Structures are given as C-alpha cells and as structure tokens.
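Reviewing the structure listed below.
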Amino acid sequence: MFPKTSKEKPHGSEGLWWATFWLLNVGLLLRIVSEPAQVLGSEPVWGWLLALSALLQWLAGLVFVANTWSRVKER
Amino acid sequence: MPRLSCWFIRSALVHLALGFTLGGLLLVQKGLPLHLALWRLLPAHIEFLLFGWTVQLVMGVGFWIFPRFQRSRGNEKPAWLAFGLLNLGVWLAGVGPVVGAPALVLFAGRLAEVGAVAAFALHAWPRIKPPGVR
C-alpha cells in the first residue's frame, strides 16, 4: 500500500525484499536452534551461531528500512 | 501520503533500525558475552521497537488511511502533537534508564507517551465513521 518507488520498480528493489525475507527467516531459525542449545550445552559453537543469527536479523532489519525508505513520500 | 504520515513512518523506520541494532547487540551478548553492561540497553531496545516502531507505524498509517471529511483529515494539530509527544516519550523512557537518569525522567517519558495516545485519539475519534457520514 505504500507509494511506488518508481514506475519501473514499484516496490523498490525486489532483490532487497528477497534478501530481507531470507536474512530474517534464516536468522530466526538459527536462533530457535542455537539459543536453547547454548543454554543446554557447553559447546562454544552455539554461541557463535547465536551471534550469527543476531547478525542476519540485524541485516534484515536494515535492508528492510533501506528498501522502504524511498517509498515513504508525499504525493 | 500526507506529510505527517511521512514523519511518523520515517521516524518509525529509524526506531526500527535502532531497535534492531540494540537487539542484535543483546543477542550477540547472549551468545558471546562481550560486556555485562550491554544488558542496560534492554529498556531502550524494548521502547524503540514497541512504541518507536510499532505504535508509531500504526499512528502514521492510521492518520493516512482513516476515513476523511470530503478531502480534509479534520483537525491535524492533535496528531502533530501526538507525533512530538510520542518521540519525546520514547527517548525519555527508553534512553533515560540506560544513562542512569532519575526515575522522574522515566515517569515524564511515560506521561508523554500517554499524552501522545490521548492526542492521537482526539484527532482520530471523529474519523472513525461509516462511509458517507460527514
């Protein structure tokens, strides 16, 4: 429902939308696995995977903001 | 999109980016403990995402799409006041505890947020109407 970025690219960069989708979902899945595993186990790999999930979700947020920003405009 | 909605939504996006950044840091802290002091960012993370992003996006979109009176959106002043109060409140209530501000700052922030909700309701109330009703 937001205004179109342009006639050629009404939704902004489709690639960035896909990037947002994959970054967020892979990040969330990684978190679902690594957060409880880190609490239950002692292997450092789970901590690193949790940090990786944080990075992926953070990037998803930033890419979403960057791609939406140009669509927030007056008529 | 009206000008005020642009302000609301852009501010919401800024808070989303800030909230995600703080949340990312906190999640890294969970996995790879960097510094315990990072947990002090938690109130700001919650405040930025709950009020700065979610509530602000709702207000911005609501101001934009609620039914209008012919072409007018009615009295816009309370909605502008809501924008100012909400952002003031988010920063007072979110950043205040992080920097160790007195409890009065947190209270002032919450008061500003309540004021923002009241001001927005004052603006939006007459616009909640069936189509055709003036």
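Per-residue answers, yes or no, for (1) at pLDDT 95 or above; (2) touching a strand residue (DSSP E or B) at 6+ places or on another chain (Cβ under 8 Å); (3) more than 10 Å from chain A (Cβ to nearest Cβ):
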site	(1), (2), (3)
B:Ala17	yes, no, no
B:Leu22	yes, no, no
B:Leu25	yes, no, no
B:Phe48	yes, no, yes
B:Phe51	yes, no, yes
B:Asn75	no, no, yes
B:Ala79	yes, no, yes
B:Trp91	yes, no, yes
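For segment B:124-131, indicate whether the set of residues that are aliphatic (A, V, I, L, M) and part of a loop (DSSP other than H, G, I, E, B) is non-empty. So that I can check it myself, show each step before the final result.
Taking segment B:124-131 and keeping what is aliphatic (A, V, I, L, M), we get B:124, B:128.
Pick out the ones that are also part of a loop (DSSP other than H, G, I, E, B) and you get B:128.
Yes, because at least one residue in segment B:124-131 is aliphatic (A, V, I, L, M) and part of a loop (DSSP other than H, G, I, E, B).
Has segment B:73-96 got any residue that is surrounded by fewer than 17 Cβ atoms within 10 Å (Cβ to Cβ) and aliphatic (A, V, I, L, M)?
The answer is no, given that none of the residues of segment B:73-96 is surrounded by fewer than 17 Cβ atoms within 10 Å (Cβ to Cβ) and aliphatic (A, V, I, L, M).
Conditions: (1) of a type in the set (A, V, I, L, M); (2) more than 7 Å from every other protein chain (Cβ to nearest Cβ); (3) without any contact (Cβ under 8 Å) to a residue 12 or more places away in the chain. A:Val63 meets all but one. Number of the miss?
(3)
Please work out if A:Lys73 is part of a loop (DSSP other than H, G, I, E, B) and facing chain B (nearest Cβ under 7 Å). I'd like the intermediate steps shown before the answer.
On the way: part of a loop (DSSP other than H, G, I, E, B): yes; facing chain B (nearest Cβ under 7 Å): yes.
Answer is yes for this residue.
So if I check each of B:Gln70, B:Gln56, which one is at pLDDT 95 or above and either within 13 Å of B:Val117 (Cα to Cα) or surrounded by fewer than 17 Cβ atoms within 10 Å (Cβ to Cβ) (or both)? Even if it seems obvious, please write down each step before you answer.
On the way: B:Gln70 fails: at pLDDT 95 or above.
Of the residues listed, the single one that is at pLDDT 95 or above and either within 13 Å of B:Val117 (Cα to Cα) or surrounded by fewer than 17 Cβ atoms within 10 Å (Cβ to Cβ) (or both) is B:Gln56.
The values are calculated or read from the model by the stated rules, or taken from the named source; none is laboratory data. The shown structure was predicted, so the numbers you read here are calculated from the model rather than taken from an experiment. Every residue, glycine among them, receives a Cβ derived from its backbone with ideal geometry; neighbour counts consider all protein chains shown.
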